[in-house]
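Everything below concerns the one structure shown next.
The values are calculated or read from the model by the stated rules, or taken from the named source; none is laboratory data. In this text the structure is predicted, and so the values were computed from the model without any measurement. Positions of Cβ are generated from backbone atoms using ideal geometry, with glycine treated the same way; all protein chains shown enter the neighbour counts.
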Amino acid sequence: MQNGSSNSETPSPPRVYSVAAVIDGEVVTFELGRDRASAWRMQKLFRLGSAFTQFQAFSLGSWSVEDVRTVLVEAYAGDGEPAQFVERLLVTNPVGRITPLAIKVLEAFLFGVPPERASFNDLDPFEELAA
């Protein structure tokens with residue numbers, strides 16, 4: 001035992017930094033890059049600067065359609081053109097149903113989430129909020 005720590009400390013649960021989203025029956029991964037170049041790019045893309053201040057704005061309800069679009073385009077890791085996929089998603093769904101995905105993507109990027117929370121389903125986007 002050193003510095004007041006003990007060997008009986010409980011290890012922290014595993015965390016994941018991406019979100020598997022089921023959209024129109026298709027599984028699509030959203031993950032923001034964790035490298036330095038991605039961090040700089042996000043700093044310029046996000047309306048409020050950092051991913052953390054953008055997350056705070058979403059949490060406070062101070063977001064726009066452009067904020068949702070920016071997060072999802074930057075995080076899209078599926079096949080095809082990210083901007084086209086996200087635009088189709090925003091045109092065919094009310095933005096309020098897609099916003100929880102953008103929030104979850106930012107949360108996973110910033111803090112990591114337990115594997116069981118690293119998912120989103122467009123059929124029930126508020127499932128986690130109701131639990």
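Numbers at a glance
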item: Subset of segment 38-61 (residues that are surrounded by 12 or more Cβ atoms within 10 Å (Cβ to Cβ) and part of a loop (DSSP other than H, G, I, E, B)); result: Phe46, Arg47, Leu48, Gly49, Ser50
item: Failed condition for Ala37, given (1) hydrophobic (A, V, I, L, M, F, W, C); (2) modelled with pLDDT of 80 or more; (3) under 15 Å from the mean Cα position of the chain (by Cα); (4) over 13 Å from Ala77 (Cα atoms); result: (3)
item: Test result for Thr99, surrounded by 15 or more Cβ atoms within 10 Å (Cβ to Cβ), hydroxyl-bearing (Ser, Thr, Tyr), out of contact with any strand residue (DSSP E or B) (no Cβ under 8 Å at 6 or more places or on another chain) and farther than 20 Å from Glu26 by Cβ; result: no
item: Condition check for Ala102: within 23 Å of Glu116 (Cα to Cα) and among the small types (Gly, Ala, Ser); result: yes
item: Filter result for Asp79 (under 29 Å from Gly25 (Cβ atoms), without any contact (Cβ under 8 Å) to a residue 40 or more places away in the chain, in a loop (DSSP other than H, G, I, E, B) and in contact with a helix residue (DSSP H, G or I) (Cβ under 9 Å, 6 or more places away or on another chain)); result: yes
item: In segment 62-77, the residues that are within 14 Å of the chain's Cα centre (by Cα) and either at positive phi or surrounded by 15 or more Cβ atoms within 10 Å (Cβ to Cβ) (or both); result: Asp67, Val68, Arg69, Thr70, Val71, Leu72, Val73, Glu74, Ala75, Tyr76
item: Residue in segment 107-130 that is among the β-branched types (Val, Ile, Thr) and surrounded by fewer than 18 Cβ atoms within 10 Å (Cβ to Cβ) present; result: no
item: Tally of residues being part of a strand (DSSP E or B) and closer than 11 Å to Phe109 by Cα across segment 19-37; result: 2
item: Selection status of Phe120, modelled with pLDDT of 90 or more, of a type outside the set (Gly, Ala, Ser) and in contact with a Pro (Cβ under 9 Å, 6 or more places away or on another chain); result: yes
item: Search result, residues across segment 23-34 that are among the small types (Gly, Ala, Ser) and either farther than 16 Å from Ala102 by Cα or modelled with pLDDT of 90 or more (or both); result: Gly25
item: Qualifying positions in segment 82-96 - in a loop (DSSP other than H, G, I, E, B) and surrounded by 14 or more Cβ atoms within 10 Å (Cβ to Cβ); result: Asn93
